[in-house]
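**Q** Here you go, one structure.
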Amino acid sequence: MTLFTNCDGTATVQLRVEKNHVKRIEMFANLLGANSMSKWDLGMQFEASEVFLETLLRVRKGHTPLLPYETSESGKELLVPSIDLASTIEVVCAKIRSVDRQKIKIELETALKVLHNGKMWLNLDSALQRLVEYWKTLVYDSIDARLESLFVSADNDQSGELDYHEFTDMVEKVATTGNSSLSSRSVLRMYSQMSLHEKVDAAVFCKVARSFELAKIRVGRGTRLTKESKPAQEKAAVFKLLKGHWQHLEGKVLPVVFSLKQSPQGNVMEELVSLLRSLLREEEDAEQAVHCFRSIVADMPPAIRSEIQQTKDLKVSKHKI
């Protein structure tokens with residue numbers, strides 16, 4: 001910061017902003033509605049803030065400050081392990097389609113991945129900005145399309161209107177996905193508002209449903225209103241599957257790692273193998289273990305990777321966590 005004294009006696013303060021922090025400033029300006037160039041409305045500001053804070057809190061794992069000005073490990077650039085961000089995205093974006101989550105992770109790693117101390121890292125400020133933009137495109141901007149799809153599927157007699165029974169059946173189905181928490185009173189109020197119009201067509205339905213946040217995709221896993229899930233059993237099943245896969249794969253991985261010793265790729269693979277062993281031993285973070293296993297497979301030579309992909313029992317990517 002530099003202070004200048006003007007001819008009229010007033011003072012001017014000149015702030016020098018590091019290049020690495022421009023994205024951070026832009027993000028906060030958008031979140032606070034202080035960027036006149038931003039096309040975000042108030043609803044997007046709220047959702048972006050949820051995505052931003054949920055991701056930041058999870059990926060930093062309790063480290064404070066959450067967004068330090070600089071770090072001893074990487075100078076003024078705040079880097080986080082790519083595996084940590086990938087597992088965080090699995091939680092934050094749990095309600096969006098699996099194929100979209102994978103697309104987000106792949107594009108972030110492709111665009112932002114850097115090697116530092118033999119590990120794969122991502123610039124956190126750039127990753128947060130891109131993740132929020134993905135959320136806007138894939139979730140926030142698509143709400144009307146989702147609501148129109150709901151309307152069409154609920155219009156059983158194809159009359160172009162919803163009667164009360166069609167509407168309540170549709171709301172009940174939406175509730176089982178965990179994307180709606182409307183009370184019985186709210187359901188009645190919602191249909192009453194729609195009934196004020198001459199007919200409850202798609203346009204009326206979308207307008208009212210949006211105001212009640214029907215089918216809104218929530219940040220994070222949330223809860224489902226169906227049968228109670230069994231996360232402990234599911235996690236145990238994932239680790240049992242992974243341990244079987246790793247027992248089959250380890251003998252093929254270690255010679256590759258040894259042949260690449262002291263090279264950047266070899267260092268990365270060595271770190272991944274060490275991390276996977278630790279995760280399998282502790283049996284705590286199933287999502288990170290799956291991502292770590294996939295990363296190791298992706299770094300294998302084509303012949304070994306092809307053999308793994310052709311083996312039915314090793315299709316970990318299709319196992320639901």
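The values are calculated or read from the model by the stated rules, or taken from the named source; none is laboratory data. Note that the coordinates shown come from a computational prediction; the quantities given were computed from them, not determined experimentally. Because the Cβ atoms are built from the backbone with ideal geometry, glycine has one as well, and the counts that use them run over all protein chains shown. Ligands, DNA and RNA are excluded from the accessible area calculation, which covers all protein heavy atoms including side chains. Shrake-Rupley method; radii C 1.70, N 1.55, O 1.52, S 1.80 Å.
**Q** Is it true that VAL99 is within 19 Å of LYS23 (Cβ to Cβ) and out of contact with any Asp or Glu (no Cβ under 7 Å at 6 or more places or on another chain)? Can you show your working first?
**A** On the way: within 19 Å of LYS23 (Cβ to Cβ): no; out of contact with any Asp or Glu (no Cβ under 7 Å at 6 or more places or on another chain): yes.
No; evaluated as a whole, the condition is false for this residue.
**Q** Restrict the check to the stretch 177-194 and report whether at least one residue is aromatic (Phe, Trp, Tyr) and at pLDDT 85 or above.
**A** Within the stretch 177-194, not a single residue is aromatic (Phe, Trp, Tyr) and at pLDDT 85 or above.
**Q** Can you name the condition, by its number, that LYS240 falls short on among (1) farther than 30 Å from HIS116 by Cα; (2) touching a helix residue (DSSP H, G or I) at 6+ places or on another chain (Cβ under 6 Å); (3) assigned to a helix (DSSP H, G or I); (4) modelled with pLDDT of 85 or more?
**A** Among (1) farther than 30 Å from HIS116 by Cα; (2) touching a helix residue (DSSP H, G or I) at 6+ places or on another chain (Cβ under 6 Å); (3) assigned to a helix (DSSP H, G or I); (4) modelled with pLDDT of 85 or more, the lone unmet condition for LYS240 is (2).
**Q** Kindly establish whether LYS136 is surrounded by 14 or more Cβ atoms within 10 Å (Cβ to Cβ), more than 17 Å from ILE96 (Cα to Cα) and touching a residue at least 40 places away in the same chain (Cβ under 8 Å).
**A** So LYS136 fails the test.
**Q** Further, regarding this structure: With (1) closer than 24 Å to LYS105 by Cβ; (2) at pLDDT 80 or above; (3) surrounded by 12 or more Cβ atoms within 10 Å (Cβ to Cβ) as the list, and GLU282 as the residue in question, which single condition is left unmet?
**A** (3)
**Q** Here is a further query. Any residue at all in the stretch 208-224 that is modelled with pLDDT of 85 or more, more than 24 Å from the chain's Cα centre (by Cα), surrounded by 16 or more Cβ atoms within 10 Å (Cβ to Cβ) and assigned to a helix (DSSP H, G or I)?
**A** Looking through the stretch 208-224, at least one residue is modelled with pLDDT of 85 or more, more than 24 Å from the chain's Cα centre (by Cα), surrounded by 16 or more Cβ atoms within 10 Å (Cβ to Cβ) and assigned to a helix (DSSP H, G or I).
**Q** Could you tell me whether any residue of the stretch 58-70 is modelled with pLDDT of 90 or more, under 25 Å from SER142 (Cβ atoms) and surrounded by fewer than 19 Cβ atoms within 10 Å (Cβ to Cβ)?
**A** So far as the stretch 58-70 goes, yes, one or more of its residues are modelled with pLDDT of 90 or more, under 25 Å from SER142 (Cβ atoms) and surrounded by fewer than 19 Cβ atoms within 10 Å (Cβ to Cβ).
**Q** Just need a number here: residues in the stretch 55-68 that are closer than 13 Å to LEU124 by Cα and either among the β-branched types (Val, Ile, Thr) or assigned to a helix (DSSP H, G or I) (or both).
**A** Matching residues across the stretch 55-68 total 6.
**Q** Additional query: Looking at the stretch 285-304, which of the residues that are open to solvent by 10 Å² or more (accessible area, probe 1.4 Å) and not in a helix (DSSP H, G or I) is nearest to VAL268 (Cα to Cα)?
**A** ASP299
**Q** Quick one: which helices (runs of 4 or more DSSP H) lie wholly within the stretch 96-182 and hold at least 3 residues that are closer than 15 Å to LEU214 by Cα and among the aliphatic types (A, V, I, L, M)?
**A** Once the helices (runs of 4 or more DSSP H) in the stretch 96-182 are filtered for at least 3 residues that are closer than 15 Å to LEU214 by Cα and among the aliphatic types (A, V, I, L, M), what remains is 143-154, 164-175.
**Q** To continue, here is another question. Go through (1) open to solvent by 70 Å² or more (accessible area, probe 1.4 Å); (2) over 16 Å from the mean Cα position of the chain (by Cα) for ASP144 and report which single condition fails.
**A** (1)
**Q** Tally time: how many residues in the stretch 32-44 are part of a helix (DSSP H, G or I), open to solvent by 20 Å² or more (accessible area, probe 1.4 Å) and either in contact with a Ser or Thr (Cβ under 9 Å, 6 or more places away or on another chain) or in contact (Cβ under 8 Å) with a residue 40 or more places away in the chain (or both)?
**A** 1
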